[in-house]
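Below you'll find the structure, written out as structure tokens, and then a few comments.
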Amino acid sequence: MNAIGLLIIILFILMVFVGGVQGMKAFVGLVLNFIVIFILMILINWQFNAYIVTALMSVIILALAIYLGAENQFVTNTAFKTSLIVVSILMVVAILVQHLGQFQGFATENSEELEGLSLNVGLPFTKVAVIVMVISILGAVAEAAMAIVADLNEVIERTPNLSKKSLYAHAHIIGGQILGTAINTLFFGVLGANLPLLIWFIRLRYSIAMFFNAKLLMMEVVTMLLGMLGILMSIWVASRLVVHEYVKIQSKNMRKGEWSPLLRLHY
């Protein structure tokens with residue numbers, strides 16, 4: 001058994017030990033998402049429209065990650081809606097950024113690795129770069145959406161008579177807490193993955209201009225910034241959706257002459 005297989009077994013055991021049945025569902029979702037990514041590569045290799053395939057597979061990946069990650073129907077539905085809205089916007093932004101920045105293809109630092117290999121892959125590298133950006137931000141968007149919706153739902157269940165203004169205040173506080181940890185996770189993930197590259201650039205005495213124009217590094221930086229933007233947008237959109245649903249159910253119950261079980265937002 002190789003190291004990867006051993007780590008997968010350890011991950012499965014720990015997820016079941018910590019999360020029980022929910023942990024097992026999350027692991028199954030992880031495996032299914034890996035299969036979806038593999039199917040994505042096959043379909044693109046078969047010359048299907050890269051953007052359409054990416055959009056469809058992104059919806060499937062988000063659905064698996066969210067609906068197998070929680071049981072509360074209100075939380076999962078709201079997080080899924082939020083993720084779809086945010087990813088749709090970021091996909092357009094990724095296409096625009098790629099068009100302006102031209103991050104596609106390989107850099108001069110890849111020349112030794114590519115020696116003797118053919119680059120005629122039959123697919124524009126522009127589309128490959130956009131696909132990488134979109135797929136890379138899905139996890140961050142889904143995680144932020146789930147976190148903010150679940151926390152706000154907990155606040156509503158504990159204090160069902162909150163005003164709209166108070167709920168927005170809670171959303172602001174919770175969003176700030178989620179934002180700091182999520183963005184740090186993205187930043188240090190990119191920094192850790194590219195630390196050898198950064199050391200290499202420094203040892204080769206790259207100038208500041210070469211440093212900031214290095215295609216390998218800038219692609220990672222742009223992807224990280226898109227992920228951070230996705231987290232910000234997820235918190236904002238999810239907060240608005242939760243408050244909108246809260247006000248709608250509150251108004252409905254008031255018309256019926258009810259007030260208290262107002263917001264068991266489980267559907």
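Only the coordinates and a few stated rules stand behind these numbers; no lab work does. All values derive from a computational prediction rather than experimental measurement. Neighbour counts run over all protein chains shown; Cβ positions are idealised from the backbone, glycine included.
Quick notes on this one:
- Principal-axis tilt of helix 3-45 within the chain, Cα atoms, nearest 10 degrees: 60 degrees
- Difference of contour (0.36 nm per residue) and Cα-Cα distance, residue 11 to residue 34: 6.8 nm
- Between residue 96 and residue 159, the FRET efficiency estimated from the beta carbon spacing at R0 = 45 angstrom works out to 0.60.
- Value at 222 nm in deg cm²/dmol, rounded to 500, when DSSP H runs of n ≥ 4 in the chain each add -39,500 (n - 2.57): -28000 deg cm²/dmol
- Placing pseudo-labels 7 Å out from each Cα toward the beta carbon at residue 244 and residue 173 gives an inter-label distance of 2.5 nm.
- Within the chain, longest stretch clear of exposed trypsin sites (Lys or Arg not before Pro) (DSSP loop, no more than 16 other Cβ within 10 Å): 1-204
- If the chain linking residue 166 and residue 89 were pulled fully straight, counting 0.36 nm for each residue of separation and taking away their Cα-Cα distance, it would gain 24.8 nm.
- Span from the the stretch 15-30 Cα centroid across to the the stretch 33-68 one, whole angstrom: 22 Å
- For the pair residue 4 and residue 188 in one chain, pulling the backbone fully straight at 0.36 nm per residue adds 64.0 nm over the alpha carbon distance.
- Mean sequence separation of contacting Cα pairs (under 8 Å, at least six apart), scaled by the length of the chain, corresponds to a relative contact order of 24 percent.
- Karplus (6.51, -1.76, 1.60) ³J(HN,Hα), θ = phi - 60°, over the stretch 136-142, in Hz, Gly and Pro reported as x: 5, 9, 4, x, 5, 5, 5
- Cα-based helix-to-principal-axis angle, 73-101 vs the chain, degrees rounded to 10: 30 degrees
- Placing a label point 7 Å from the Cα of residue 236 along the Cα-to-Cβ direction, the residues of the stretch 167-209 whose backbone N falls under 20 Å of that point are 167-184, 186-187.
- Kirkwood Rh (inverse of mean 1/r, distinct Cα pairs), the chain, angstrom: 20.9 Å
- Counting only alpha carbon atoms, the long axis of helix 164-193 and the longest principal axis of the chain meet at about 20°.
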